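The values are calculated or read from the model by the stated rules, or taken from the named source; none is laboratory data. Because the structure is predicted, anything quoted here is derived from the model rather than measured. A quick note on method: Cβ atoms are made from the backbone with ideal geometry, for glycine too, and the neighbour counts reach across all protein chains shown.
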Amino acid sequence: MKSHKKKIGIEKRIGVKYCGGCNPTYDRIQVIRQLRSCFLNRFHFVLSNQKTLNGLLFINGCQRSCAVENGDPNGPGSFSISGENELPLLIHWLTTLEEKENNDSLDSFRSADD
Amino acid sequence: MKPITTQKDYIQSLKELRHVVYYNGKRVEDVTEHPALRPHINAAALTYELALRPEHEALMTAVSHLSGKKINRFTHIHQTVDDLIKKIQMLRLIAHETGSCFQRCVGFDALNAVYMTAYDIDQKYKTDYFEKFKKYLLHVQESNVMVVGGMTDPKGDRSLSPSKQADPDLFTHVVQRRTDGIVIRGAKAHMTGGINSHEILLMPTQAMKEEEKDYALSCALPLNAPGVILIFGRQTNEERKCEEGFDAGNTQFGLVGGEALIIFEDVFVPWERVFLCGEYDMAGLLVERFATLHRQNYGGCKGGVSDILVGASALAAEYQGTAGASHIKEKLAEMMHLAETLYSGSVACSAMGYKTPSGAYYPDPLLANTTKHNVTRHIYEIARLAHDIAGGIVATMPFHGDMESSEVGRYVKKYLAGAQGVSVESRMKILRLIENMSGGTALVESMHGAGSPQTQKVMYGRLGNLEQKKRWAKRLVQID
């Protein structure tokens with residue numbers, strides 16, 4: 001039961017996949033900095049090739065969206081950003097993802113209790 | 001040799017190279033410590049460093065078709081049209097970081113040109129150049145060495161062919177064939193990144209005739225081989241690189257590539273590093289392929305460098321209070337139009353690229369030539385507009401030392417003040433950057449790098465499909 005409790009509220013891991021950045025319309029790295037500051041100790045942003053990810057984030061420098069070439073931006077648990085103006089949507093996605101993950105953990109904790 | 005991965009590895013490898021480099025008549029013991037050479041080294045070093053950053057990995061790296069391993073894209077053989085396009089995107093990306101030439105594309109293009117041509121030579125002559133070249137390529141991919149592509153010979157009297165020159169060494173040639181290899185003599189001029197490359201991949205400078213078999217030569221050799229001497233080319237405002245302060249304009253990365261005259265004084269090359277030797281009728285094809293692959297680049301790197309110049313010009317206008325003027329906005333728009341036109345050409349010739357018999361992909365040669373031809377014009381126009389926006393102060397501004405002076409610094413700060421809230425230092429830095437990027441060596445490089453405009457015009461005659469154009473015109477007005 002103890003281990004289930006630990007899952008609630010722990011740092012989630014988001015895999016980040018970038019486009020190459022040939023001519024970006026915004027600072028893609030700054031997006032990650034902003035997210036780190038916004039979700040301090042709640043999300044850990046790692047390379048997309050790592051295991052046990054809670055979500056996948058595609059960061060594109062422009063609408064060409066090259067980062068998604070080898071992935072599915074519409075797949076479950078993934079989000080693609082192609083402009084700075086999409087940052088609020090991205091934050092909303094992470095917030096929702098966090099709530100969902102926490103609820104799932106809570107459900108699992110409850111089932112374990114049952 | 002330990003594979004070069006990081007910027008630090010690269011710098012260390014140059015320290016250990018111990019090649020013979022001369023700067024202003026003096027031997028340079030360690031190129032990495034020389035203030036005039038270091039900016040060019042810094043620019044090339046970024047081709048290593050950016051490949052390690054996740055945010056640039058998609059462009060800066062590729063998968064080797066030989067080993068299946070992840071490699072630096074500068075050592076890759078284009079396997080698809082997408083590879084050709086990614087090359088251009090990569091060049092624009094790096095130019096945004098350096099604001100100057102980062103040199104490594106020359107070797108990249110040489111590797112691709114020799115790869116596809118060695119295959120064709122073997123098909124015709126049943127030689128074994130292709131297999132030898134693949135082994136060499138694997139070495140380059142695994143060690144990640146920087147290779148300078150060596151094409152341009154000094155050429156002496158341009159009205160005479162190589163074999164008719166008063167001095168036969170004005171074109172690089174074979175002077176001795178041995179059982180274990182060849183001995184070469186001659187020189188290659190304008191070698192971008194020469195002083196900070198590890199190896200050179202030589203190609204002939206032009207098509208050759210039967211009596212010029214010894215000049216039909218392609219081979220690779222380390223730049224620290226006995227008999228190789230490098231002499232650095234003096235650039236505009238060369239001494240400023242040796243000063244403290246910001247007067248050099250781009251203090252970190254310098255100005256264009258840092259070119260060298262590379263001399264081969266009876267240099268031995270083993271047979272396993274020889275990829276063309278005497279098959280004179282294939283020299284022209286190799287030259288054309290290298291030229292096309294190199295001309296393909298220019299809208300990428302010059303497009304990226306122009307982005308910096310546009311940004312600097314816009315800042316200069318802001319700093320001196322002219323940004324709101326309609327003519328300034330119009331000029332900035334024109335600069336952007338020209339830069340994007342260059343980039344469009346590079347993307348277009350890449351998108352229209354095709355597979356060669358070797359399997360390697362090759363850009364459309366007519367469009368690649370057109371792109372480079374545009375560079376010989378548009379970069380001058382972009383620079384002209386930058387000068388127009390920045391004003392005469394670009395040419396008359398006092399030294400950085402004057403600004404720092406305890407005696408006259410206060411006058412410089414008082415009389416070079418611009419828009420309110422902008423420091424004089426910021427204004428001076430931007431103006432020096434514009435000066436660095438828009439005059440002298442920077443312009444000449446756009447004119448002659450990857451071939452002078454006439455070499456591109458020659459290609460219109462060959463590839464421009466003029467007879468078909470005449471037929472279309474005749475058909476339209478019903479002329480038989």
Residues (modelled with pLDDT of 95 or more and either among the aliphatic types (A, V, I, L, M) or over 31 Å from the mean Cα position of the chain (by Cα) (or both)) located in the range B:425-442: B:425, B:428, B:430, B:431, B:433, B:434, B:437
Residues (in a loop (DSSP other than H, G, I, E, B) and surrounded by fewer than 22 Cβ atoms within 10 Å (Cβ to Cβ)) located in the range B:215-234: B:224, B:225, B:226, B:227, B:233, B:234
Residue under evaluation residue B:306, criteria (1) part of a helix (DSSP H, G or I); (2) away from chain A (no Cβ under 14 Å), criterion not met: (2)
Those helices (runs of 4 or more DSSP H) lying entirely in the range B:321-406 with at least 3 residues within 21 Å of residue B:437 (Cβ to Cβ): B:326-351, B:365-390, B:393-396
Some residue of the range B:114-124 being outside any helix (DSSP H, G or I) and touching a strand residue (DSSP E or B) at 6+ places or on another chain (Cβ under 6 Å): no
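Hey, among B:394, B:424, B:412, B:477, which residue is within 30 Å of residue B:190 (Cα to Cα), of a type in the set (Val, Ile, Thr) and not assigned by TED's automatic domain parsing to the domain that holds residue B:150? Lay out the reasoning, then the answer.
Values: B:424 fails: within 30 Å of residue B:190 (Cα to Cα); B:412 fails: within 30 Å of residue B:190 (Cα to Cα); B:477 fails: within 30 Å of residue B:190 (Cα to Cα).
Criteria check complete, one pass: B:394.
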Residue in the range B:235-273 that is modelled with the highest pLDDT, counting only those that are of a type in the set (Asp, Glu) and assigned to a helix (DSSP H, G or I): B:272
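Somewhere in the range B:86-93, is a residue over 30 Å from residue B:302 (Cβ atoms) and among the polar types (S, T, N, Q)?
The first filter runs over the range B:86-93 and keeps only residues over 30 Å from residue B:302 (Cβ atoms), leaving none.
No.
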Odd one out for residue B:407, checked against (1) surrounded by fewer than 17 Cβ atoms within 10 Å (Cβ to Cβ); (2) among the acidic types (Asp, Glu); (3) touching a helix residue (DSSP H, G or I) at 6+ places or on another chain (Cβ under 9 Å): (3)
Number of the condition not met by residue B:347 [criteria: (1) closer than 30 Å to residue B:285 by Cα; (2) free of Cβ contacts under 8 Å to residues at least 12 places away in the same chain]: (2)
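Restricting attention to the range B:309-320, which residues are assigned to a helix (DSSP H, G or I) and either over 21 Å from the mean Cα position of the chain (by Cα) or surrounded by fewer than 24 Cβ atoms within 10 Å (Cβ to Cβ) (or both)?
Taking the range B:309-320 first, the residues assigned to a helix (DSSP H, G or I) are B:309-319.
Passing the criteria: B:310, B:311, B:312, B:313, B:314, B:315, B:316, B:317, B:318, B:319.
Determine whether residue B:341 is in contact (Cβ under 8 Å) with a residue 12 or more places away in the chain, surrounded by fewer than 21 Cβ atoms within 10 Å (Cβ to Cβ) and in contact with a His (Cβ under 9 Å, 6 or more places away or on another chain). Give the steps one after another, and end with the answer.
Values: in contact (Cβ under 8 Å) with a residue 12 or more places away in the chain: yes; surrounded by fewer than 21 Cβ atoms within 10 Å (Cβ to Cβ): yes; in contact with a His (Cβ under 9 Å, 6 or more places away or on another chain): yes.
For residue B:341, the condition - in contact (Cβ under 8 Å) with a residue 12 or more places away in the chain, surrounded by fewer than 21 Cβ atoms within 10 Å (Cβ to Cβ) and in contact with a His (Cβ under 9 Å, 6 or more places away or on another chain) - is met.
Might you let me know whether the range B:116-125 holds any residue that is surrounded by fewer than 23 Cβ atoms within 10 Å (Cβ to Cβ), of a type in the set (Ser, Thr, Tyr) and modelled with pLDDT of 95 or more?
The initial filter retains those residues of the range B:116-125 that are surrounded by fewer than 23 Cβ atoms within 10 Å (Cβ to Cβ), namely B:119-120, B:122-125.
Checking the rest, the ones that are also of a type in the set (Ser, Thr, Tyr) come to B:119, B:125.
Filter once more, keeping what is modelled with pLDDT of 95 or more: B:119, B:125.
There is at least one residue in the range B:116-125 that is surrounded by fewer than 23 Cβ atoms within 10 Å (Cβ to Cβ), of a type in the set (Ser, Thr, Tyr) and modelled with pLDDT of 95 or more.
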Among (1) over 30 Å from residue B:335 (Cβ atoms); (2) modelled with pLDDT under 95 - the single one residue B:458 does not satisfy: (1)
Residues that are under 17 Å from residue A:49 (Cα atoms) and either more than 14 Å from chain A (Cβ to nearest Cβ) or hydroxyl-bearing (Ser, Thr, Tyr) (or both), drawn from the range B:49-70: B:61, B:69
Condition check for residue A:70: at pLDDT below 95 and away from every other protein chain (no Cβ under 14 Å): no
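Residue-wise test of (1) more than 14 Å from the chain's Cα centre (by Cα); (2) over 15 Å from residue A:79 (Cα atoms); (3) within 12 Å of chain B (Cβ to nearest Cβ).
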position	(1), (2), (3)
A:18	no, no, yes
A:23	yes, yes, yes
A:30	yes, yes, yes
A:34	no, yes, no
A:40	no, yes, no
A:45	no, no, yes
A:62	yes, no, yes
First in the range B:291-305 and within 16 Å of residue B:451 (Cα to Cα), second anywhere and among the basic types (Lys, Arg) and part of a helix (DSSP H, G or I), Cβ under 6 Å, 6 or more apart: B:295/B:372; B:298/B:372
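Output the residues belonging to the range B:167-200 that are part of a loop (DSSP other than H, G, I, E, B), in contact with a strand residue (DSSP E or B) (Cβ under 9 Å, 6 or more places away or on another chain) and on the phi < 0 side of the Ramachandran plot. Don't jump to the end; show me each part of the working.
Here is the first cut: in the range B:167-200, the ones part of a loop (DSSP other than H, G, I, E, B) are B:167, B:171-172, B:178-180, B:193, B:197-198.
Keeping just the survivors that are in contact with a strand residue (DSSP E or B) (Cβ under 9 Å, 6 or more places away or on another chain) gives B:171-172, B:178, B:180, B:193, B:197-198.
Listed by number, the residues that qualify are B:171, B:172, B:178, B:180, B:197, B:198.
From the list B:289, B:273, B:295, which residue is outside the structural domain of residue B:430 (by TED's automatic domain parsing), among the basic types (Lys, Arg) and either touching a helix residue (DSSP H, G or I) at 6+ places or on another chain (Cβ under 8 Å) or more than 30 Å from residue B:211 (Cβ to Cβ) (or both)?
Details: B:289 fails: outside the structural domain of residue B:430 (by TED's automatic domain parsing); B:295 fails: outside the structural domain of residue B:430 (by TED's automatic domain parsing).
Unique residue meeting the criteria: B:273.
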